[in-house]
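The structure appears right after this line, and notes come after that.
Since every read-out is calculated from the coordinates, none of them should be taken as a lab result. From a predicted model like this one, the values you see are computed outputs, not experimental measurements. Every residue, glycine as well, gets a Cβ built from its backbone with ideal geometry; the counts of neighbours run over all protein chains shown.
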Amino acid sequence: MGEVDPAFVQELEHRPKLGIIAAEGIPIIDLSTLSSSDATPDRSQALEGLVKQVGNACRDWGFFQVINHGVSLEKREKIFNASKKFFAQPLEEKNKIRRDDKGALGYYDTEHTKNVRDWKEYPPAFLLREICEDYAKEMERLAFKLMELIALSLGLGPDRFHGFFKDQTSAIRLNHYPPCPFPHLALGVGRHKDPGGLTILAQDDVGGLEVKRKSDGEWTWVNPTPNSYTINVGDIIQVWSNDAYESVEHRVKVNPEKERFSIPYFFGPAHYAIVKPLEEIVNEQNPAKFRPYNWAEFMANRKRSNFQKLDVENLQISHFRTSKLADKLEGALSINN
Ligand SMILES: O=C(O)CCC(=O)C(=O)O
Ligand SMILES: [Fe+2]
């Protein structure tokens, strides 16, 4: 089996348990109502129910899976196949287009975002462009639909968020998690929260994603429902909703025998967006819990630290909290990701 490189070893308290918690998992939401076009009272009732389900999932979990989402299966298979083909190449080939501090878009297998390395590799973003762009269109359509449901669930007009995404900074990432002989010590991705608006994740049937359950803080396995998408609320929705919805921690376990592929789509607003709690949501009883920040600056700060192993905490939305007490509390619980 050989020795494990210490760079991959998680600190004791962050090492994964090998069993799977077979308790209640994240909700599965059927979106078929969205694709029917009839304007019957039945449909409007179904829509109302759907909005409620989405709101409850965002509030209670920050995560849910969607089925009957209308995304082309053919395009999903095409991008997974292209990703598999890229990663199956010998390392020397992949290294020819290796990422460094001059070319940030290249291939890399060392993640420097955290103080412990992730057991995974990424291809360069410029490869597979055509397929990615095609697939991104599908993702964007679904993302707008989901944002409409989220807006309605917060009592806002359905298109309340659309303006923020006019000049998007959305991105697709192709992840490959090779089999790992040390699943009790390493993680595919260490615990973190997604900084953007919304994440739409496609995963194969191996599984590995775990979500920190809000009700009791237990790491909970996300069962990969075939052809579903796993959706999670990012930091920006947490800020817009003034904490009504939470961007929750998640991580990825590795598998000793099987490799795993996943493709997240990060739906991000315009680089110039100023992120702050929405005016319609804040009032005297519910004052703004975050100070405004600029999305591009936030991301630039995060990216700078990706190239270095820093022993300081990465920038988090908790750093923009208006209450110093909450800031301290969250900082104490927070993590280097
Ligand atoms: O691969 C996964 O299941 C999740 C990856 C993830 O959380 C991320 O890339 O932000
Ligand atoms: Fe994530």
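Ordering 223-236, 268-281 by mean Cβ neighbour count within 10 Å, with the highest value first, yields 223-236, 268-281. Derived scalar couplings between HN and Hα for the range 257-267 equal 10, 9, 7, 9, 10, 9, 9, x, 10, 9, 8 Hz in order, rounded to whole Hz, by the Karplus curve 6.51 cos²θ - 1.76 cosθ + 1.60 (θ = phi - 60°), x for Gly and Pro. Normalised by the number of residues in the range 6-275, the average gap of Cα pairs under 8 Å and 6 or more apart makes the relative contact order 26 percent. Computed over the range 6-275, the alpha-carbon pair-distance distribution with 10 angstrom bins reads 6, 28, 36, 22, 6, 1, 0, each value a whole percent. Listed peptides 42-48, 261-267 appear in the order 261-267, 42-48 once ranked by packing, highest mean of other Cβ atoms within 10 Å at the front. Between the alpha-carbon centres of the range 245-266 and the range 224-244 there is a gap of 14 Å.
The modelled label-to-label distance for the pair residue 15/residue 304, using points 7 Å beyond Cα in the direction of Cβ, is 3.6 nm. If I take R0 = 35 Å and measure r between the Cβ atoms of residue 78 and residue 46 in this structure, what FRET efficiency does the formula 1/(1 + (r/R0)^6) give, to the nearest 0.05? That gives a FRET efficiency of 0.65. On the beta carbon distance between residue 282 and residue 92, with R0 = 45 Å, the FRET formula returns roughly 0.25. The loop-placed GluC sites (Glu not before Pro) in the range 228-276, going by DSSP, that have at most 12 neighbouring Cβ atoms within 10 Å of their Cβ come out as 257.
Subtracting the Cα-Cα distance of residue 7 and residue 323 from their residue separation scaled by 0.36 nm leaves 110.2 nm.
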